[in-house]
Each structure stands twice: as C-alpha cells, then as structure tokens.
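Below you'll find the structure, written out as structure tokens, and then a few comments.
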Amino acid sequence: RDSLTGRVAAWYHVTRGDDETALRLLDEIVSESLPELPPAGREYAVLIELYVMLGALDRAAVLLDEWSTLFGDDVARVVDELSLLLDVPDSTDPEQRLEAIRRYRSTTGCQRCLSWEFAGLLESVGRTEEAIEAYHAARGGLQNNEFWSMWPAILAVGDERLGQLYESTGDSARAAEHYRAFAARFPQADPDLAARKQVALERAEALESN
C-alpha cells in the first residue's frame with residue numbers, strides 16, 4: 001500500500017469511527033511500506049499522531065523511539081513535544097488524554113492540532129458544547145487545507161457529527177443545516193455512507209417539520 005494513500009485512508013476511517021480498520025491500515029504502513037522508504041521520507045510525526053488519535057499509545061511510543069534513534073538531535077524538540085501526547089498513565093481515560101492534548105497544544109502553540117480526537121474525547125465525556133466547537137475547528141482546518149479538501153467524505157462525516165450533536169442540544173435549525181450539508185456532499189463522498197445520507201435527510205425533514 002502506498003504510504004500517502006494509506007495514511008489518508010487511515011485518517012478517514014478514524015473520522016468514521018472505524019478504529020479497527022484505521023489501526024489495521026496503520027499497522028500495514030508501518031510493517032510493509034515504512035521499511036521500503038528512506039528514513040527521511042517516513043513522516044514519523046504524522047503516523048505517531050494517527051496512532052495517538054486511535055489511543056494506540058504503545059505503538060506510537062515504538063515509532064517515536066525509532067525516529068529518535070535514527071535522527072537524534074535533529075528531531076529532539078519534536079520528539080519531546082510528541083512525548084507529551086504519550087504521557088498518559090491510563091490511555092483508556094478520556095480526561096487524561098484531553099489533558100495530554102492540552103499540554104501538547106500549549107507547548108507547540110498549535111491550537112488546532114488533533115482537533116478531531118479532541119472533539120471526540122469531549123463528546124465522550126458529555127461536554128457537548130465544547131465538542132461542537134472542536135468539530136467546527138476540525139472541519140475548518142480541513143476546508144482551508146488544499147490537500148485534505150479533496151476528500152469530501154471526511155468533511156461530510158464532520159457535518160454528520162455536528163448534525164447529531166446539535167440535535168442532542170435541541171438546536172433543530174443548526175442540526176438540520178448540518179444534516180443537509182452532509183447529504184449535499186454526495187455523490188462525491190464515500191458510497192459506503194449512502195445509507196447514512198438517507199438517515200440524515202430524514203432527520204433534517206423531521207426537524208424542519210417541527
């Protein structure tokens with residue numbers, strides 16, 4: 001599997017909530033594609049962040065050590081920063097993972113880094129308003145990125161999540177808006193999402209009729 005295509009596919013499956021497929025794709029890249037690339041072209045930082053998004057901190061740590069061993073002082077600062085994301089005593093605790101991302105953002109000055117994971121973790125602990133804000137930030141970052149904007153399925157899933165969250169807060173108008181935005185990204189989006197498109201349209205119609 002081409003490393004770039006594999007990374008994009010893995011990230012997409014993360015956004016869809018299909019962590020099992022995303023983890024399998026990442027493992028394939030690391031075990032099959034990475035050894036075939038020259039060390040300078042392996043993009044360790046991206047792969048490490050993807051593993052962090054999946055909560056696979058043990059795998060992320062292995063790559064971090066490998067990267068540090070290969071490049072030493074040349075990557076020391078970035079390695080130290082990424083290490084902040086792994087400093088989580090209990091990787092199953094979303095509050096600890098949220099705090100690790102906050103430390104990382106504070107240190108790097110990158111307030112949009114790991115926005116999708118940040119939003120999902122906020123949602124998982126019931127902080128819906130903050131999750132909505134974070135999902136908007138995640139989608140905004142993609143829409144303003146020339147490369148990622150070519151992947152409408154990823155943006156579509158963001159609209160779907162926002163529709164569901166707004167509906168849970170009772171904001172029918174915003175929920176319907178995002179459900180329709182999700183549906184409007186077809187047929188460019190992943191055909192596997194077609195059934196979810198119909199559900200979104202039905203929810204939008206129901207909310208608008210009330």
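The values are calculated or read from the model by the stated rules, or taken from the named source; none is laboratory data. On a predicted model such as this, the values are computed, not experimentally measured, just so you know. Quick reminder, even Gly has a Cβ in these numbers, built from the backbone with ideal geometry, and neighbours come from all protein chains shown. Accessible surface is based on the protein model in full, side chains and every heavy atom, while ligands, DNA and RNA are left aside. Shrake-Rupley method; radii C 1.70, N 1.55, O 1.52, S 1.80 Å.
A few points about this structure:
- Each of Leu25, Gly41, Leu57 was placed along the dipole of segment 1-89 (beta-carbon charges, centred on the mean Cα), and the one lying farthest toward the positive end is Leu25.
- Excluding ligands, DNA and RNA, the accessible surface per residue across segment 20-90 is 51 Å² with a 1.4 Å probe.
- When the chain is described by a simple charge dipole with +1 on each Lys and Arg Cβ and -1 on each Asp and Glu Cβ, the residue from Ala134, Val14, Asn210 located farthest towards its positive end is Asn210.
- Here the chain is treated with +1 on each Lys and Arg Cβ and -1 on each Asp and Glu Cβ, and its dipole about the Cα centre works out to around 540 debye.
- Among 124-132, 47-55, the peptide with the highest mean count of other Cβ atoms within 10 Å heads the list, and the full ranking is 47-55, 124-132.
- The chain: angle of helix 115-124 to the longest principal axis, Cα-based, in degrees nearest 10: 60
- Note on segment 155-210 and segment 34-53: Cα centroid distance 34 Å, given to the nearest whole angstrom.
- Only protein atoms count toward the accessible area here, which uses a 1.4 Å probe; on segment 1-51, the carbon and sulfur part of that area reaches 50 percent.
- In degrees, nearest ten, helix 19-28 long axis to first principal axis of the chain (Cα): 30
- Extent along the principal axes, Cα only, for segment 21-118: 37, 33, 23 Å, with the longest axis given first.
- Ranked packing of 27-35, 97-105, 6-14, most packed first, by mean Cβ within 10 Å: 6-14, 97-105, 27-35
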